[in-house]
Every structure is written in C-alpha cells, then in structure tokens.
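Asks: The structure's right below; bear with me while I get my questions together.
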Amino acid sequence: MTELEQILSTGEGRRALDRYFAGLIRALDFAALETELAMLLEEHPSAFAPLCRASMRESVEIVGWERVHADILAMDRKGSRCTALGIDLTGHWEGEGPGFEVSLYDDGSFAFSTASRAALLEASEGHATPWQGCFVEIETSLECRGLALLDGAIRAYPGRHAVPSQALPRDYAGFVIALWWLYLRVHQGVADALAHHGLPRAMPVLVDEHDFGPQVGGVLLCEHVADSAERSARILDARTVENRLAYDRLTEQLIMEVREKRAVVRNWSFWGNRTQRRNAIELLEASDKLMFQDVVSTRGQLSVWLLSDREFEMLLDRYREHRRPGSSGEQHPDPGEERTQLHLMFLQHALQFGGRAVQREFLAHRGRAA
C-alpha cells in the first residue's frame, strides 16, 4: 500500500488530503497542485492516468460567456444588480460534461461589492456559506470543452462513493487524483476565460461544486470589464422571441391535449367500463378547471365534453386570448408531437377501457391534426 493509499484508507485522511488540495486552488497556486498531481500519477498508474495527461490546460475551453453577460444584463433590467457570479461544477448534469450551474448574486446575502478576496475566502470555507441558496438567478449558460472523457470516467467510476473504512476499491487512488486534476483544469479554465472574455463589471467569481465531490471554495476576482451591452441586448431580444414562441407552442399543446381528452370522453362506448369512464370524466373535468379557471367564471365543474363544438372552439379562443392578449385570429404555431406525461397516462387508460370508437376517433383525430 502506497502512502497515498494509506491516507485514503481513513475518512480523516481523505478529508485532510482534500483540504490540502483545495487550499492550493484557493491560493491560486495551480502550478504547485499540478506538480503534486503529476507526481502522484506516476506513482499510481491506472485507467485515469492517460485521461489526465491528455487533459492539458490549453485544451480546455469554457464557452458561453456571451450568455452569461446577457444573464447579468437581464438581472439588471429586473432591478437587481449582479455583484457576484457563482460557477459550480454540478453533479446533476446529464449531458456530456462537465456541467456547470451559474448563479447570479446581489448584495442581499453578502456584501460582495465591497468584500476583499480574503473576506470572501474566509466566508467560503466550510459547507454553509452566507450566500448558500441565496442566488437571484441560476442558469446553465456555460459549457466546458476538452474534459468530457475525464469527466465521464470520473462519473462512471463504481467506487466513487466508497466508504474509507472499507477496503479501497481498485484504482481508488487514481480516481482521487483524476478528480482533483479535473478540479484543477476547471479552475484554470474559468480563470483563463475571465481574463479573455471579462464580465460586464468587475466582480468576484466563486468557483466550487454542487453534489459533485469535495468542496473547494475558490475565489477569483474578475477585473476585466467587457463592453458587451449591445451584444447582450441583442441576445435578450432574441430570447424574448424564442420564449414567446415556446410559450405559444405550449398553449397549443395544452389545447391539443384538451381536444384529445374531450374526443375520448365523447366517444366512449356505451357498453364500455362505466367506472373507468367516470374516472376519465373526473380527470378531464379536474384538468379543465385548472386550465380554464381564469378564463371563465363557473361554479362547480367545467364540463367541456358537454359543450357543443362551437361553444368549445369559442372557449379555446378565449383561452388563447387570456394566454396572449390580441392573439385571436392569428396563425397559431404547430404544437408538435410532445404530450405531458399525465396526458399520455390518460390516453393509455382511455384506449384500454374506452372501446373501439375511442380508438378509431383518437386515430382519426391524430390524422386530422397531422
């Protein structure tokens, strides 16, 4: 057993090692940490070693800063001034990683705008920081290139959550080295990107993790002020258009779903399971009440399946108008093929118990919609 493996064999030893490595990052002594990790790689050959060596600082690129600049401008427009940025390596990323949670803070939880780096480092030590959970906005604006293979190997390692009191899993030392190699490259990547891209104003950048691994509490001070207001405004204008279209598509999706529910109930076989039909009607009426409660004033349940086709279409027009004033008579976007999970369960229930008429009507309805 090597010296590193002996250290990792106890919980206190692992925590002490993590604190030591984190201290080098917090001190911005990236060169010292890389030297230490490179020596440990030589002493502990594993499947992680070639991935670490291939993950060089110059091959790492963190992109999406124009979106971050726009996020800061959007927060300003809402009346809250962004005074600090949080970038957390996240354990909740499902795509090719590593992934980040980008948090925007104001001075409400901590005096970021006047705090020194030393004060920020002191406050970031430990798991309960003064600003924990106090972000004004949280986004996923940043992406990392150049670390996907290393990140994937770390997340796939079966002994990732090993208990130190037990026998160490195979390549556990290599895993810990790789984890801190990833941390090193992420912090270097953020520092390099800030120096190149800057931010709309000078502010501290808190670089850490969320449910990924050991805490670091890194603090960078971004003093490069970028003139990005015009470009950020264009991005926000484009977002407004995209969000409006997505909102309208959602409106049409909800309308398509209520059409399908209504068609199912109205065509339910007289000889079909009446208890199941009653269940379907109750679900339809409950969802209709939620959907139309701000559109029509009604006491009791709203039964759209009892409305005439003309009354039903008038109700849908009022719903569109409520969702987007002035929308009546406009061309409506295609809702697409997506359906909510609850609606899919409703359809599965109806197709199972509603009889052939429901099946025929549903297929015909889908054909007309296509």
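The values are calculated or read from the model by the stated rules, or taken from the named source; none is laboratory data. For clarity, every value in this text was computed on a predicted model and none was experimentally measured. Ideal geometry is used to build each Cβ from the backbone, glycine not excepted, and the neighbour counts take in all protein chains shown.
Asks: For region 114-124, name all the residues that are under 15 Å from GLY86 (Cα atoms) and surrounded by fewer than 15 Cβ atoms within 10 Å (Cβ to Cβ).
Replies: Residue satisfying the conditions is ARG117 alone.
Asks: Could I ask something else about it? Being assigned to a strand (DSSP E or B) and surrounded by 16 or more Cβ atoms within 10 Å (Cβ to Cβ) is the filter; apply it to region 139-154 and report the residue that is nearest to the chain's Cα centre (by Cα).
Replies: Keep residues of region 139-154 that are assigned to a strand (DSSP E or B), which gives 139, 143-145.
With surrounded by 16 or more Cβ atoms within 10 Å (Cβ to Cβ) added as a condition, the list becomes 139, 143-144.
On the way: GLU139: 7, GLU143: 12, CYS144: 15 Å.
So, considering only residues that are assigned to a strand (DSSP E or B) and surrounded by 16 or more Cβ atoms within 10 Å (Cβ to Cβ), the one nearest to the chain's Cα centre (by Cα) is GLU139.
Asks: Same structure again: Filter region 131-147 down to the residues that are out of contact with any helix residue (DSSP H, G or I) (no Cβ under 7 Å at 6 or more places or on another chain) and under 26 Å from ARG15 (Cα atoms) and list them by number.
Replies: Residues of region 131-147 that are out of contact with any helix residue (DSSP H, G or I) (no Cβ under 7 Å at 6 or more places or on another chain), as a first pass: 131-135, 138, 140, 143, 145.
Within region 131-147, TRP131, GLN132, GLY133 qualify.
Asks: Just checking, which of ARG155, ARG145 is among the charged types (D, E, K, R), in contact with a strand residue (DSSP E or B) (Cβ under 6 Å, 6 or more places away or on another chain) and under 21 Å from PHE175 (Cα atoms)? Give the derivation first.
Replies: Numbers: ARG155 fails: in contact with a strand residue (DSSP E or B) (Cβ under 6 Å, 6 or more places away or on another chain).
None of the other options fit; the residue is ARG145.
Quick grid of which residues meet (1) part of a helix (DSSP H, G or I); (2) out of contact with any helix residue (DSSP H, G or I) (no Cβ under 7 Å at 6 or more places or on another chain); (3) closer than 30 Å to GLN276 by Cα:
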{"site": "ASP208", "(1), (2), (3)": "no, yes, no"}
{"site": "GLU242", "(1), (2), (3)": "yes, yes, no"}
{"site": "TYR247", "(1), (2), (3)": "yes, yes, no"}
{"site": "GLN253", "(1), (2), (3)": "yes, yes, yes"}
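Asks: Only residues that are under 19 Å from THR251 (Cβ atoms), in contact with a helix residue (DSSP H, G or I) (Cβ under 9 Å, 6 or more places away or on another chain), assigned to a helix (DSSP H, G or I) and not hydrophobic (A, V, I, L, M, F, W, C): list them for region 263-296, please.
Replies: SER287, ASP288
Asks: Now for a separate question. Run GLY108 past the list (1) more than 21 Å from ASP18 (Cα to Cα); (2) out of contact with any helix residue (DSSP H, G or I) (no Cβ under 9 Å at 6 or more places or on another chain); (3) part of a strand (DSSP E or B) and report the number of the one that doesn't hold.
Replies: Just one mismatch for GLY108, condition (3).
Asks: If the requirement is being in contact (Cβ under 8 Å) with a residue 40 or more places away in the chain and farther than 26 Å from LEU17 by Cα, which of these qualifies: PHE135, PHE175? Can you show your working first?
Replies: Numbers: PHE175 fails: farther than 26 Å from LEU17 by Cα.
Every option except PHE135 fails the conditions.
Asks: Can I ask one more? Which one of these does LEU221 not meet: (1) farther than 15 Å from ARG26 by Cα; (2) in contact with a Lys or Arg (Cβ under 7 Å, 6 or more places away or on another chain); (3) surrounded by fewer than 19 Cβ atoms within 10 Å (Cβ to Cβ)?
Replies: (1)
Asks: Being loosely packed, with under 14 Cβ neighbours inside 10 Å and of a type in the set (Gly, Ala, Ser) is the filter; apply it to region 300-331 and report the residue that is modelled with the highest pLDDT.
Replies: SER308
Asks: Got a sec? Which of ASP227, ASP192, ASP208, ASP171 is closer than 19 Å to GLU139 by Cβ and either more than 20 Å from the chain's Cα centre (by Cα) or buried (at least 18 other Cβ atoms within 10 Å of the Cβ) (or both)?
Replies: Values: ASP227 fails: closer than 19 Å to GLU139 by Cβ; ASP192 fails: closer than 19 Å to GLU139 by Cβ; ASP171 fails: closer than 19 Å to GLU139 by Cβ.
None of the others qualify; the one that does is ASP208.
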